[in-house]
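Here the structure is laid out as structure tokens; the discussion comes afterwards.
The values are calculated or read from the model by the stated rules, or taken from the named source; none is laboratory data. Values in this document were obtained by computation on a predicted structure and should not be read as measured data. Every residue, glycine as well, gets a Cβ built from its backbone with ideal geometry; the counts of neighbours run over all protein chains shown.
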Amino acid sequence: MSVLTDFRTSITSALKGAGVQAFEFLPERINPPAAVVLPGSPYVEAGDTFGTHKVTFTVSLIAGNGTNDAATAALDGLIQTAVLALWDVADTTEASGLYAYSSNGAQYLAVDLTVTDIISFK
């Protein structure tokens, strides 16, 4: 396994441990509420010290079906749960604004967490 896979697995495991349905890949079908962990942009870049790299994952938090006000409130709770779950896993966690996540012809309210950490490929 690579350190990239290890970091992705630790993100997903932390989310699952907090009760969030989480995927380490883009699933064929999604049944929100859920989190999808994918490489961020940039995925890997040079770290601050020699031999280190900053790795970024995007965690798409997707609210279930419902009215906009109910989905927004559910998403706020999902963000809080995810940020707390990732506290010991990642160096930083930031949230984007809300957007419409499309999957299999359906749209869901979502937000992206940018999760970063410093790794070494050694």
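What number of residues within region 25-43 are surrounded by 13 or more Cβ atoms within 10 Å (Cβ to Cβ), of a type in the set (A, V, I, L, M) and in a loop (DSSP other than H, G, I, E, B)?
1
Can you find a residue in region 17-24 that is assigned to a helix (DSSP H, G or I) and either buried (at least 17 other Cβ atoms within 10 Å of the Cβ) or not aromatic (Phe, Trp, Tyr) (or both)?
Checked against the condition, which is being assigned to a helix (DSSP H, G or I) and either buried (at least 17 other Cβ atoms within 10 Å of the Cβ) or not aromatic (Phe, Trp, Tyr) (or both), region 17-24 yields at least one hit.
State all residues of region 107-122 that are in a strand (DSSP E or B) and surrounded by fewer than 16 Cβ atoms within 10 Å (Cβ to Cβ); if no residue qualifies, say none.
Those that are in a strand (DSSP E or B) and surrounded by fewer than 16 Cβ atoms within 10 Å (Cβ to Cβ): GLN107, ILE118.
Got at least one residue in region 91-105 being on the phi < 0 side of the Ramachandran plot and touching an Asp or Glu at 6+ places or on another chain (Cβ under 6 Å)?
yes
Search region 58-105 for residues being assigned to a loop (DSSP other than H, G, I, E, B) and of a type in the set (D, E, K, R), and hand back the single one that is surrounded by the most Cβ atoms within 10 Å (Cβ to Cβ).
Among them, the one singled out is ASP91.
For ALA46, state whether it is among the aliphatic types (A, V, I, L, M) and exposed (fewer than 14 other Cβ atoms within 10 Å of the Cβ).
Yes; evaluated as a whole, the condition is true for this residue.
Mind telling me which of the residues THR72, THR58 ends up being of a type in the set (Ser, Thr, Tyr), under 12 Å from THR116 (Cβ atoms) and touching a residue at least 24 places away in the same chain (Cβ under 8 Å)?
Going through THR72, THR58 in turn, the sole match is THR58.
Conditions (1) over 18 Å from PHE7 (Cα atoms); (2) at pLDDT below 95, marked per residue:
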{"site": "ALA35", "(1), (2)": "no, no"}
{"site": "THR49", "(1), (2)": "yes, yes"}
{"site": "VAL59", "(1), (2)": "no, no"}
{"site": "GLY64", "(1), (2)": "yes, yes"}
{"site": "THR67", "(1), (2)": "yes, yes"}
{"site": "TRP87", "(1), (2)": "no, yes"}
{"site": "ASP91", "(1), (2)": "no, yes"}
{"site": "SER96", "(1), (2)": "yes, yes"}
{"site": "GLN107", "(1), (2)": "yes, yes"}
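I'm trying to understand the selection: among the residues of region 3-42, which are touching a residue at least 24 places away in the same chain (Cβ under 8 Å) and among the hydroxyl-bearing types (Ser, Thr, Tyr)?
Result: SER10, THR12.
Taking the stated definitions as given, is GLY19 modelled with pLDDT under 95 and at positive phi?
No.
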